[in-house]
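All remarks here apply to the structure that follows.
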Amino acid sequence: MSEPRHQRVLIVDFGSQVTQLIARRLRESGVYCEIHPFDKVEAILDEFAPAAVILSGGPASAHETASPAASKRIFDLGVPILGICYGEMTLCAQLGGAVEGGHAREFGRADITIVRESPLLSGLGAVGAREPVWMSHGDVVTAIPPGFEVIAASEGSPFAVIGDEGRRIYGVQFHPEVAHTPRGALILRNFTHRIAGLSGDWTMAAFRSEARERIRAQVGKGRVICGLSGGVDSSVTAVLLHEAIGDQLTCVFVDTGLMRLNEASEVVSLFRDHYNIPLIHVDASDRFLGALAGVADPEAKRKVIGREFVEVFDREAAKIEGAAFLAQGTLYPDVIESVSPLGGPSATIKSHHNVGGLPERMKLKLVEPLRELFKDEVRALGVELGLPPAFVGRHPFPGPGLAIRIPGEVTAEAVTVLQKADAIYLDEIRQAGLYDAIWQAFAVLLPVKTVGVMGDARTYENVLALRAVTSSDGMTADVFEFPWEVLTRAATRIVNQVRGVNRVVYDVTSKPPGTIEWE
């Protein structure tokens with residue numbers, strides 16, 4: 001948990017696929033918060049001592065007997081409470097209102113009309129004003145609890161926003177946390193700052209200072225090994241640890257040969273030469289390619305890469321005398337999903353994360369200094385620590401590397417072709433000034449060959465797919481609409497400069513909600 005001096009908001013998780021977005025919106029306004037499953041809240045309530053509580057959405061029906069419910073103690077704390085979607089419904093059901101199924105459903109865009117002034121909707125307009133929001137519910141509140149009043153209504157939800165101003169308890173039927181509710185962040189800020197009176201004291205500068213002290217207190221004089229992958233998470237972890245404990249840290253960089261073009265040498269130069277961090281660089285590219293020979297299934301590739309990584313890392317770690325701790329770049333979404341109350345996709349999607357854990361014989365204690373942070377906060381911390389903005393702002397890269405961007409068998413030739421093509425693609429994006437407008441862009445070497453004519457000769461070479469998506473939250477995304485001339489330049493350069501590719505296509509599929517990360 002965070003230091004006691006930070007004002008905290010407790011988010012009670014009922015299993016919504018966008019619960020994390022509530023926390024992200026609050027963190028963006030400087031409010032520290034944590035997500036805890038509804039059935040685990042009792043155990044942490046006294047220690048956590050929230051200044052406010054938010055009840056998340058969820059897939060259950062509040063009118064059913066066995067439906068999840070908020071701890072009754074929450075309503076006795078005397079702190080502001082906000083129920084969102086299912087959170088509003090269980091709030092109503094528990095406090096004397098009524099919820100029913102079988103009524104008109106609302107999914108997607110809707111408009112609410114303000115019918116009463118309230119600090120929750122301050123800044124959204126006067127009584128009678130309409131506001132676009134994002135609905136996602138099949139049940140409906142049919143009666144509100146005693147002491148509550150209607151603040152706003154929609155065509156399908158007569159109780160779209162309700163509140164007991166005296167007790168500072170509110171409910172909204174829509175999702176203010178998603179980007180599809182344009183001014184949802186303002187509603188959440190009204191709740192945390194205006195109603196709960198929070199000052200927003202959560203900053204990266206404060207986190208950096210507190211994290212250093214926590215690391216020193218945990219590690220003492222012990223030695224720490226950090227598995228440096230070259231990604232943003234492990235890189236920020238390494239720099240933060242080095243700032244806290246200096247040469248007590250040793251980084252082990254296992255070079256799988258599956259990184260982007262020249263990335264391995266850039267990582268070594270940055271950490272060994274610029275930061276002067278003790279670094280062991282293991283070039284294991286031949287070993288990984290040999291282990292992947294003949295392996296086509298993507299999940300099998302993950303397991304092979306994970307197994308080989310553990311064995312190489314284990315061998316190198318054993319050489320570091322006196323090592324007692326292992327540092328990992330675990331992030332808050334990993335922590336949240338490991339205790340999700342109603343299950344989730346992370347077990348499958350994140351099967352490559354942390355490579356399944358290290359062998360017990362290593363007897364190392366974990367140091368996870370980033371486990372309170374979301375990805376965007378890690379980037380902000382990286383800048384705070386002095387890492388180059390271009391380094392921490394890189395697009396996400398999968399743990400197994402290019403192996404899963406090569407459908408079918410991974411060969412040295414395929415890796416070389418993909419590295420060169422991907423580098424050209426990203427270079428054209430940067431030259432066009434579009435890199436920061438894209439969440440993730442990458443090339444995929446398809447398991448398809450096509451006949452082409454180049455000059456006076458026929459060719460029979462690979463097809464390459466280019467992909468780029470935009471996202472505000474990393475959970476849902478849409479295709480990036482390139483200027484045609486940028487795609488044309490990228491495709492022309494790839495075909496001309498990368499031997500083995502004679503056709504380039506652009507992937508225009510988008511990412512549905514409810515999944516966690518792009519590959």
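The values are calculated or read from the model by the stated rules, or taken from the named source; none is laboratory data. A quick note: this is a predicted structure, and the numbers were derived from the prediction, not measured. Because the Cβ atoms are built from the backbone with ideal geometry, glycine has one as well, and the counts that use them run over all protein chains shown. Heads up: the accessible areas ignore ligands, DNA and RNA and are worked out on the full protein's heavy atoms, side chains in. Shrake-Rupley method; radii C 1.70, N 1.55, O 1.52, S 1.80 Å.
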Residue-normalised value, i.e. accessible area per residue, for the range 235-325 at 1.4 Å probe, in Å², stands at 41 Å²
Report the Cα centroid-to-centroid distance between the range 144-200 and the range 261-275 in angstrom, as an integer. 49 Å
Output the antiparallel fraction of DSSP beta bridges having both residues in the chain, as a percent to the nearest 5. 50 percent
Taking only Cα atoms of the range 199-315, what ratio of Rg to Rh do you get with Rh as the Kirkwood inverse-distance radius? 1.06
Percent accessible area from carbon and sulfur atoms, the chain, protein chains only, probe 1.4 Å: 51 percent
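Please sort 6-13, 204-211 by packing, taking for each peptide the average over its residues of neighbouring beta carbons within 10 angstrom, highest first. Show your work: numbers first, answer last.
Details: 6-13: 23.8, 204-211: 16.2.
Final packing ranking: 6-13, 204-211.
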Check each of the trypsin sites (Lys or Arg not before Pro) in the range 412-501 and keep only those in coil by DSSP with at most 16 other C-beta atoms within 10 angstrom; list them in order. Arg499
Which three semi-axes in whole Å describe the equivalent ellipsoid of the chain, each the square root of 5 times a Cα gyration tensor eigenvalue, listed largest first? 44, 30, 20
So what's the back-of-envelope 222 nm ellipticity for the chain, counting only DSSP H runs of four-plus at -39500 (n - 2.57) apiece and dividing by all residues, rounded to 500? -9000 deg cm²/dmol
Cross-link pairs beyond the 23 Å C-alpha cut-off, checked among Lys303/Lys449; Lys303/Lys375; Lys319/Lys365: Lys303/Lys449; Lys303/Lys375
For the range 296-325, which trypsin sites (Lys or Arg not before Pro) are in a loop by DSSP, counting at most 10 other Cβ atoms within 10 Å? Lys319
With Cα coordinates, the longest principal axis of the chain makes an angle with the long axis of helix 232-245, in degrees rounded to 10, of 90 degrees
Sparse-neighbourhood loop hits (trypsin sites (Lys or Arg not before Pro), the range 221-271; DSSP loop; Cβ within 10 Å at most 16 others) -> Lys221
Suppose the chain between Ser122 and Glu311 were pulled fully straight at 0.36 nm per residue; how much longer would it get relative to their current alpha carbon spacing? 62.3 nm
Provide the per residue accessible area, probe 1.4 Å, for the range 3-152, rounded to a whole number of square angstrom. 39 Å²
³J(HN,Hα), Karplus 6.51/-1.76/1.60, whole Hz, each residue of the range 393-408, x for Gly, Pro: x, 5, 4, x, 10, x, x, x, x, 5, 4, 9, 9, 10, x, x
Which one of Ile424, Ile11, Val140 has its Cα pushed farthest toward the positive end of the charge dipole of the chain, where Lys and Arg give +1 and Asp and Glu give -1 at the Cβ? Ile424
